[in-house]
Amino acid sequence: MTGDDSFDEFALRLGGLAVAPPRDLTGAVYGDWTRLDGPVGELLVAFTEVGVSYIRTAESVGDDDDTFRERFHALFQRPLRRTSDAPAGLRQAVRGHGAAQVPVDLRVLTAFERDVLTATRAIPTGQTRPYAWVARAIGRPKAVRAVGTALGNNPVPLLIPCHRVTRSDGNLGQYVFGADTKERLLRAEETNVDELLDFARSRIAYVGADGVVCYPTCTRARSAADPRGFRTLAAAEAAGLRPCDLCTPAG
């Protein structure tokens, strides 16, 4: 074998180690964003290669693209590029249809915050749960206040429906886009808001019927012919009712 032959063989072996470059290197650097219509006006939505990462109403950022991009960068430390495309199913998901199937990117959050948002995502459309329910669902029943803080930091409202989490007394409580927007979203989902607020004024947090006790928005409670209100779960259980296995009320 000549010296040239050795060089050729070495070059061929090096060539065999080569791998194709990623199809889109910029995808690892940039996030994408777009505007789309939502249930409470126009939305600005950012997404990464992992999933949807940031959602804000146009109103909440002063209808200013730069403000939206700056807030995204402060959270993710990545620039954004505009696109006309949106992840599959997103347009329907922000209106409550199949939201749980759209991937989200929560990597910038703490493990506790991710747990809170994962539990919140399980609340069905048209129903609500109190902060205490979320705290118990993640195994941290005393962390009710921390749950509220985590929900206030939800980067992807609508996809993770923090608007469905209410105060323990039945009142709707605050929301990242304001209390009025929270009520509009719940009504758009056909939640029994008026009845819920009537119960809150009467200090009723649970409804009993057919041998079980539920949250007032539970489908079982809403279909009951003659529901009975209770202020506490303990009072309902003392009356011989068992907790509903659908809405799993917490004390």
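The values are calculated or read from the model by the stated rules, or taken from the named source; none is laboratory data. Small disclaimer: the values here were computed from a predicted structure and weren't measured. Cβ coordinates were reconstructed from backbone atoms using ideal geometry, including for glycine residues, and neighbour counts include every protein chain displayed. Ligands, DNA and RNA are stripped out before the accessible areas are found, and what is left, the full protein with its side chains, is counted by its heavy atoms. Shrake-Rupley method; radii C 1.70, N 1.55, O 1.52, S 1.80 Å.
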Q. When you scan segment 141-175, how many residues do you find that are of a type in the set (Gly, Ala, Ser) and part of a loop (DSSP other than H, G, I, E, B)?
A. 4
Q) Can you name every residue in segment 234-246 that is open to solvent by less than 20 Å² (accessible area, probe 1.4 Å), within 28 Å of the chain's Cα centre (by Cα) and of a type in the set (A, V, I, L, M)? A) none
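In segment 125-139, which residue that is outside any helix (DSSP H, G or I) and in contact (Cβ under 8 Å) with a residue 40 or more places away in the chain is surrounded by the most Cβ atoms within 10 Å (Cβ to Cβ)?
Among them, the one singled out is Thr128.
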Q: Give the residue, chosen from Gly38, Gly31, Gly51, Gly98, that is of a type in the set (Gly, Ala, Ser) and free of Cβ contacts under 8 Å to residues at least 24 places away in the same chain.
A: Gly98
Q) Of the residues Arg78, Arg82, which single one is in the same structural domain as Thr57 (by TED's automatic domain parsing) and within 17 Å of Arg35 (Cβ to Cβ)? A) Arg82
Q.
Condition (residue is within 22 Å of Leu44 (Cα to Cα), at pLDDT below 95 and in contact with a helix residue (DSSP H, G or I) (Cβ under 6 Å, 6 or more places away or on another chain)) applied to segment 108-116: is it met by at least one residue?
A. yes
Q) Considering only segment 202-226, how many residues are among the charged types (D, E, K, R) and without any contact (Cβ under 8 Å) to a residue 24 or more places away in the chain? A) 2
Q: State which residue is nearest to the chain's Cα centre (by Cα) when the search covers only segment 190-220 and only residues that are surrounded by fewer than 17 Cβ atoms within 10 Å (Cβ to Cβ) and hydroxyl-bearing (Ser, Thr, Tyr).
A: Thr219
Q: Search segment 73-118 for residues being assigned to a helix (DSSP H, G or I) and charged (D, E, K, R), and hand back the single one that is farthest from the chain's Cα centre (by Cα).
A: Arg91
Q) Looking at segment 52-72, which of the residues that are open to solvent by 80 Å² or more (accessible area, probe 1.4 Å) and assigned to a helix (DSSP H, G or I) is nearest to Gly178 (Cα to Cα)? A) Glu59
Q | Residues satisfying the stated conditions in segment 176-200, i.e. over 16 Å from Gly41 (Cα atoms) and either touching a Lys or Arg at 6+ places or on another chain (Cβ under 6 Å) or not in a helix (DSSP H, G or I) (or both) | A | Glu190, Thr191, Asn192, Val193
Q. Within segment 181-189, is even one residue within 20 Å of Leu117 (Cα to Cα), acidic (Asp, Glu) and either modelled with pLDDT of 95 or more or open to solvent by less than 20 Å² (accessible area, probe 1.4 Å) (or both)?
A. yes
